[in-house]
Amino acid sequence: MASGPLASSGGSVSLIPSHALTPGSDASGAASDTAVVQGRLENGMDIVIIPDHRAPVVTHMVWYRNGSADDPAGKSGIAHFLEHLMFKGTHDNPAGKFTNIVSDFGGQENAFTSNDFTAYFQRIAKEHLSVCMEYEADRMKNLVLTDEIVAPERDVVLEERRMRTDSDPAEILDEAIQAAIYTSHPYGKPVIGWAHEIETLDRSDAFNYYERFYTPENAILIVAGDVDPQATIALAETIYGPIKPFGKAPIRRRPQEPEPKTHRLVTMVDDKVEQPRYQSLHLVPSYTTGKPGEAEALEVLAFLLGSGQTSVLYKAMVMDEKIAVAAGAHYMGTALDETRFFIYAVPVPGVSLEQIDQAIAKIIGKLAATGFDAADLARAKTRLVAEAIYARDSQMTLANWYGASLATGQTLADIAAWPDRIEAVTVEQVQDALRYLDKRRAVAGYLLPAEAA
């Protein structure tokens, strides 16, 4: 992976064309008036401007380089909990005020927390961009937290967990699989947190986390839409620039996983389950941790193996053997640390999950021995690059792509070069990537109805 410091703003902003992902750039990647612009404020806040002049709309996002994997020990869920609390307001913007303003302007706002980052966004008419900046700058440092605010919101999060996770057998199984594959790394903790630890979170936990992570040098500002890059950076300097930095960005020290050596099976049996389901997670390199070409090969492998009705798993198990009604695979490549390769299948009535497991192992073993067809590889790479080009049609997709990549250690150069790196993947690299699908690196999950047990 290429690496390098972000350019500073104020006369030394870098212009880095991203021809596959940036609206309006030509196929050669030549710089144009829609080239992505990157900058950094003196307080350390990174800025990325993605011009898109097709409609007078902007997507404004603030990304913080902290997620559930950065939760302190015994305080799982604090990153997600603070996301909730960030909507409780400041002295100048009490709870509900900004939401009403955005609604009156015809816009939308929301936020999300992941393993590696937390992001807040608004999509709104371009003339209201400064209002969004002023609000995010205000709550970056002036959030009001009292026991009267924190305690009820903690109950809201607990109820969210009960409704979305504890009442859903599939979600309970997913949590158990994640915890099994990550025996040491905090990716094994659910983003929302464990219920017994959420119950202990209080004002001091939230405030300490807020003080450390919600600082300009830990933040990335993404603005995608009908804007002038230099004018937008100047606006950001005016609004975000006065925020004092903490001093230095947090160091993300996380315990890493030992090399996996045993296959593990997790079974969930519940009378609420109507359809048995098989899934497995394999520990694999991410775009950040992989050697050159590894993540791209895994991306192509996931597409070949399990993307759509022309994929290997679907054709073999659904169309040919008729033992499944669905089958697929997915690579979760955007991560700061070692990540997951996901395989799933839903059997037809009368076929056991053990048979599904054996069939998938047989398919992978055959591919490891014979490899992939060159024509199939070429089609897969073409489709992947085409999907990246289609992503230019959505401001939000582009903003999310850039934000997630930058928050997990990639650079604009990495994003711009991604299509070329995909095109460079060889049959041999994809076949070599199959070694990560060894069962000794995996946790399998069986979801079963009570009568099947």
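The values are calculated or read from the model by the stated rules, or taken from the named source; none is laboratory data. All values derive from a computational prediction rather than experimental measurement. In this analysis, Cβ positions are derived from the backbone assuming ideal geometry, glycine residues included, and neighbour counts consider all displayed protein chains. Surface areas here come from the heavy atoms of the whole protein model, side chains and all, with no ligands, DNA or RNA. Shrake-Rupley method; radii C 1.70, N 1.55, O 1.52, S 1.80 Å.
Taking the range 196-236 as the range and being in contact with a strand residue (DSSP E or B) (Cβ under 8 Å, 6 or more places away or on another chain) and of a type in the set (A, V, I, L, M, F, W, C) as the test, the residues that pass are 213, 219, 220, 221, 222, 223, 224, 227, 233, 236. Residue count for the range 312-343 satisfying the condition of being open to solvent by 60 Å² or more (accessible area, probe 1.4 Å) and in contact with a helix residue (DSSP H, G or I) (Cβ under 8 Å, 6 or more places away or on another chain): 4.
Picking from residues in the range 249-270 that are among the β-branched types (Val, Ile, Thr) and in a strand (DSSP E or B), the one that is surrounded by the fewest Cβ atoms within 10 Å (Cβ to Cβ) is 267.
Quick grid of which residues meet (1) assigned to a strand (DSSP E or B); (2) under 27 Å from the mean Cα position of the chain (by Cα):
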{"residue": "80", "(1), (2)": "no, yes"}
{"residue": "111", "(1), (2)": "yes, yes"}
{"residue": "121", "(1), (2)": "yes, yes"}
{"residue": "133", "(1), (2)": "no, yes"}
{"residue": "143", "(1), (2)": "no, yes"}
{"residue": "152", "(1), (2)": "no, no"}
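When the residues of the range 193-248 are narrowed to those that are of a type in the set (Lys, Arg) and assigned to a helix (DSSP H, G or I), which ends up most open to solvent (accessible area, probe 1.4 Å)? Before the answer, list the steps.
Keep residues of the range 193-248 that are of a type in the set (Lys, Arg), which gives 203, 212, 244, 248.
After this cut, where a residue has to be assigned to a helix (DSSP H, G or I) as well, the list is 203, 212.
Working: 203: 89, 212: 60 Å².
Looking at residues that are of a type in the set (Lys, Arg) and assigned to a helix (DSSP H, G or I), I get 203.
Scanning the range 174-185 for residues that are over 23 Å from residue 159 (Cα atoms) and either open to solvent by less than 40 Å² (accessible area, probe 1.4 Å) or in contact with a Ser or Thr (Cβ under 6 Å, 6 or more places away or on another chain) (or both) yields 180, 181, 182, 185.
Flag: residue 52 matches the condition of being under 30 Å from residue 416 (Cα atoms), modelled with pLDDT under 95, open to solvent by less than 30 Å² (accessible area, probe 1.4 Å) and of a type outside the set (A, V, I, L, M). In the condition set (1) surrounded by fewer than 22 Cβ atoms within 10 Å (Cβ to Cβ); (2) under 17 Å from residue 185 (Cα atoms); (3) modelled with pLDDT of 95 or more, residue 286 is compliant with all but (1).
Could you go through the range 172-182 and let me know if any residue there is touching a helix residue (DSSP H, G or I) at 6+ places or on another chain (Cβ under 9 Å), in a helix (DSSP H, G or I) and β-branched (Val, Ile, Thr). It would help to see each step written out before you state the result.
Narrowing the range 172-182 to residues touching a helix residue (DSSP H, G or I) at 6+ places or on another chain (Cβ under 9 Å): 172, 174-175, 178-182.
If we keep only those that are in a helix (DSSP H, G or I) too, we end up with 172, 174-175, 178-181.
From the residues that got through so far, the ones that are β-branched (Val, Ile, Thr) too are 172, 181.
Checked against the condition, which is being touching a helix residue (DSSP H, G or I) at 6+ places or on another chain (Cβ under 9 Å), in a helix (DSSP H, G or I) and β-branched (Val, Ile, Thr), the range 172-182 yields at least one hit.
State the number of residues belonging to the range 364-423 that are in a loop (DSSP other than H, G, I, E, B) and exposed (fewer than 15 other Cβ atoms within 10 Å of the Cβ).
Final tally of qualifying residues: 1.
Residue-level check: of (1) outside any loop (DSSP other than H, G, I, E, B); (2) closer than 25 Å to residue 272 by Cα; (3) open to solvent by less than 30 Å² (accessible area, probe 1.4 Å); (4) not aromatic (Phe, Trp, Tyr), residue 190 misses just (1). Looking across the range 56-74 at every residue that is more than 19 Å from residue 192 (Cβ to Cβ) and open to solvent by 20 Å² or more (accessible area, probe 1.4 Å), the one that is nearest to the chain's Cα centre (by Cα) is identified as 65.
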